[in-house]
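The structure under discussion appears below in the form of structure tokens.
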Amino acid sequence: MTGPLAKYRRITIKIGSALLVDRSGRLRADWLAGLAQDVAGLKAAGREIVIVSSGAIALGRSLLGLSALSLTLEQSQAAASAGQIALSQAWAEALGQHGIVTGQILITPNITEERRYYLNARTTIQTLLGLGAIPIINENDSVATAEIRYGDNDRLSARVATMIEADLLVLLSDVDGLYTAPPARDPDARHLPVVEAITPAIEAMAGGAASHLSRGGMTTKIEAGKIATQAGTAMIIAKGTENHPLARLIEGGQHTLFEPATTRAQSRKRWIMGTLAIAGTVRVDAGAARALSLGKSLLPVGVTQITGDFERGDTIAVLGPDGQEIARGLVSFDSEDARLVIGKHSEAVIELLGSGNRGAMVHRDNLVLTGARGDTETKPHLEADHEPG
Ligand code: GLU
């Protein structure tokens, strides 16, 4: 694969309502068929694809015969409820044509912002991807309250992309990128192919004249860009209205690329280290300490002592055999379960907690080494159990 998407492996694609649904509230089925073919092509080229799809409210309002220009909150929630079924069905059929199974996930902000939910949602999405399916995600608009909702899928898709550590977020909408000024009003407006950093000047460009159509839209896209790039995920804004929008993009269609401000590993590390309250500690034996220093996961078998009350997803400190902190990480068990499996081999952990709990106490992806490292000069003897799960 060549072109602007070539270097990205895990890609989140956000589809705006105006692309999927025409002005009379009908699904743009031909367009969707073309997009599904593009997505199948990306998948065949080894890319993992997650789709954030708008369109539930737009589809639902026509299904329910809601013709008013602006809906009440209750009406739009009802529209989202009816429309989401049609939307999911449309995706299942379009991607099903290419033998691809879809999974629906509806998200509210607490899911992307609270770690316990976050870890669960992330695991579900990763499991779907591992099984070759494509997750189709939207906001759970029919239950989201006015205060607790994203309201726009630009920012939602950015949170999803960073949650699953996507390499790239593609926002497909009716604009082909960022301009120095609203192009409809300013003949001198210049298209920006690359934005290296989202500076106040860039934000000002997005916040231009209120009358311009894409204007409110551009503000949330820049917000999405900030969320994505600060977590190490690149973002592309591209026009998706024509058929085969991804194929067009791959062939070099006009777009704006927002470069990541950091690497994803650095961002995760910052996030874990930025946790103010450590919810508890686990002390580990010398073998586990060495395994951690080599970048392995922390398995229950290497844990000798646990302090504190913590929930799955909390940040804990990992102490070496001498009680010195050697790492911090997000724990995969709550403290009750952790105490149950302390010192146990993986088979015993499964027996005690069920097969859903095969994994590490702290997975290596969620671990940051902080203190004295184990001796990496001498080749350590590692138990088979210390191999990451
Ligand atoms: N979640 C809304 C829907 O599916 C769309 C939000 C947006 O357009 O950004 O209708």
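The values are calculated or read from the model by the stated rules, or taken from the named source; none is laboratory data. Computed from a predicted structure; not experimentally measured. As a convention, Cβ positions derive from the backbone with ideal geometry for all residues, glycine included, and neighbour counts pool all protein chains shown.
Looking at ALA158, ALA166, can you tell me which residue is among the small types (Gly, Ala, Ser) and more than 14 Å from the ligand (Cβ to nearest atom)?
ALA166
Restricting to segment 172-199, count the residues that are of a type outside the set (A, V, I, L, M, F, W, C) and outside any loop (DSSP other than H, G, I, E, B).
Counting residues in segment 172-199 that are of a type outside the set (A, V, I, L, M, F, W, C) and outside any loop (DSSP other than H, G, I, E, B) gives 3.
Could you grab me the full set of residues in segment 246-264 that are in contact with a strand residue (DSSP E or B) (Cβ under 7 Å, 6 or more places away or on another chain) and among the β-branched types (Val, Ile, Thr)?
THR256
Would you point out which residue out of GLY46, GLY3, GLY34, GLY103 is part of a loop (DSSP other than H, G, I, E, B), more than 14 Å from the ligand (Cβ to nearest atom), out of contact with any Lys or Arg (no Cβ under 9 Å at 6 or more places or on another chain) and not basic (Lys, Arg)?
GLY3 is the lone residue from the list that is part of a loop (DSSP other than H, G, I, E, B), more than 14 Å from the ligand (Cβ to nearest atom), out of contact with any Lys or Arg (no Cβ under 9 Å at 6 or more places or on another chain) and not basic (Lys, Arg).
Only one of (1) among the small types (Gly, Ala, Ser); (2) away from the ligand (no atom under 13 Å from the Cβ); (3) in contact (Cβ under 8 Å) with a residue 60 or more places away in the chain is not met by ALA68, so which one is it?
Condition not satisfied by ALA68: (3).
Within segment 12-29, identify whether any single residue is away from the ligand (no atom under 16 Å from the Cβ) and in a helix (DSSP H, G or I), and answer yes or no.
Yes - at least one qualifying residue is present in segment 12-29.
With respect to ALA56, determine if the residue is away from the ligand (no atom under 12 Å from the Cβ) and either hydroxyl-bearing (Ser, Thr, Tyr) or closer than 28 Å to ALA36 by Cβ (or both). Let's see the steps before the verdict.
Details: away from the ligand (no atom under 12 Å from the Cβ): no; either hydroxyl-bearing (Ser, Thr, Tyr) or closer than 28 Å to ALA36 by Cβ (or both): yes.
Taking the combined requirement at face value, the residue does not satisfy it.
Check SER267 against each of (1) at pLDDT below 95; (2) over 30 Å from ILE202 (Cβ atoms); (3) of a type in the set (Ser, Thr, Tyr); (4) not in a loop (DSSP other than H, G, I, E, B) and name the one condition it does not meet.
Among (1) at pLDDT below 95; (2) over 30 Å from ILE202 (Cβ atoms); (3) of a type in the set (Ser, Thr, Tyr); (4) not in a loop (DSSP other than H, G, I, E, B), SER267 violates only (2).
On the given criteria, is ALA279 in contact (Cβ under 8 Å) with a residue 12 or more places away in the chain and either of a type in the set (D, E, K, R) or under 20 Å from LEU369 (Cβ atoms) (or both)?
Yes, satisfied.
Can you tell me which of (1) within 16 Å of ALA197 (Cβ to Cβ); (2) at pLDDT below 90 is the one SER211 doesn't meet?
Condition not satisfied by SER211: (1).
I'd like the full set of residues that are of a type outside the set (A, V, I, L, M, F, W, C), in contact with a strand residue (DSSP E or B) (Cβ under 7 Å, 6 or more places away or on another chain), free of Cβ contacts under 8 Å to residues at least 60 places away in the same chain and crowded, with 17+ Cβ neighbours inside 10 Å, limited to segment 109-139.
The answer is GLU139, and nothing else.
Here is a list: GLU74, GLU113, GLU147, GLU93. Which entry is modelled with pLDDT of 95 or more, away from the ligand (no atom under 14 Å from the Cβ) and of a type in the set (D, E, K, R)?
That would be GLU93, the only listed residue that is modelled with pLDDT of 95 or more, away from the ligand (no atom under 14 Å from the Cβ) and of a type in the set (D, E, K, R).
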